Amino acid sequence: MTTSDEALLTRAQAVEALSHLGAQLARSGLIGDVYLVGGAAMVLAYEADRMTRDIDAVFAPTEEVYRAARVVAADLRLPVGWLNDAAKGYVPGADPSAIKVLEVPGLRVTAASPEFLLGMKLLAARPEQDREDIAHLASLLDLQTRDEVFAVVERLYPPTLLLPRTRFLVEEMFPSAREPPGAEKPNLGGAMKPRRSSPRRGRRGSAGNRL
């Protein structure tokens, strides 16, 4: 696989990189745990028709995974930061409904649940980048109104963390009330199905700066 700092990873390339990461850890007698967030979670867990620039995740053992990831970067000609934990500050805590997406020798990979991933994307509130993902996740959770969407965010984060742009984005995307039975639902992007569910726990990290 060949890529560059500006290249995007397909689902197949992301799986290849993570499988290679597991092989590196297994050679050292280790088993790593990776909890995906952001675009990588959308691609690997929810079959999103998109690619991802890198793999944002929370992982352990941290130093050993980073060391193995550098070997993967060299072997597969990936950017050094193809796997990073820059978004860990958005993870609201343990995720009891994380989605199992990959298990190979040396590595277990899960992804944020739809509720957690929606909350993280709304906390970041980047309209140009996340609008389609927010619509997909809301549809998957059968959330149709702004109050229903706000309820998800408020269950995960204290009000002091929510920025005005989060409220503006939700109010722009979602109506104030559900459509009456038989009415055509607003086009929010369509639902996607997670691949497989396996209860696993996310991890709380220090403040991050992206998702």
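Being over 17 Å from the mean Cα position of the chain (by Cα) and crowded, with 23+ Cβ neighbours inside 10 Å narrows it down to one of A57, A40, A69, A26, so name that one. Full working, then the answer.
Numbers: A57 fails: over 17 Å from the mean Cα position of the chain (by Cα); A40 fails: over 17 Å from the mean Cα position of the chain (by Cα); A26 fails: crowded, with 23+ Cβ neighbours inside 10 Å.
It is A69.
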Residue within the range 75-84 that is under 22 Å from L140 (Cβ atoms) and either surrounded by fewer than 24 Cβ atoms within 10 Å (Cβ to Cβ) or without any contact (Cβ under 8 Å) to a residue 24 or more places away in the chain (or both) present: no
Considering residues of the range 142-154 that are of a type outside the set (D, E) and free of Cβ contacts under 8 Å to residues at least 40 places away in the same chain only, the residue nearest to M120 (Cα to Cα): V153
Residue list for the range 29-48, filter: at positive phi and at pLDDT 95 or above: G29
Selected residue [buried (at least 17 other Cβ atoms within 10 Å of the Cβ) and of a type in the set (D, E, K, R)] from R146, R155, R126: R146
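Among the residues that make up the range 105-122, is at least one of them surrounded by fewer than 19 Cβ atoms within 10 Å (Cβ to Cβ) and modelled with pLDDT of 95 or more? Spell out how you get there, then give the answer.
As a first pass, look at the range 105-122 and keep what is surrounded by fewer than 19 Cβ atoms within 10 Å (Cβ to Cβ): 105, 108.
Add one more test, that the residue is modelled with pLDDT of 95 or more, and what stays is 105, 108.
Yes, the range 105-122 contains a residue that is surrounded by fewer than 19 Cβ atoms within 10 Å (Cβ to Cβ) and modelled with pLDDT of 95 or more.
The values are calculated or read from the model by the stated rules, or taken from the named source; none is laboratory data. Computed from a predicted model, the values in this text were never measured in an experiment. Quick reminder, even Gly has a Cβ in these numbers, built from the backbone with ideal geometry, and neighbours come from all protein chains shown.
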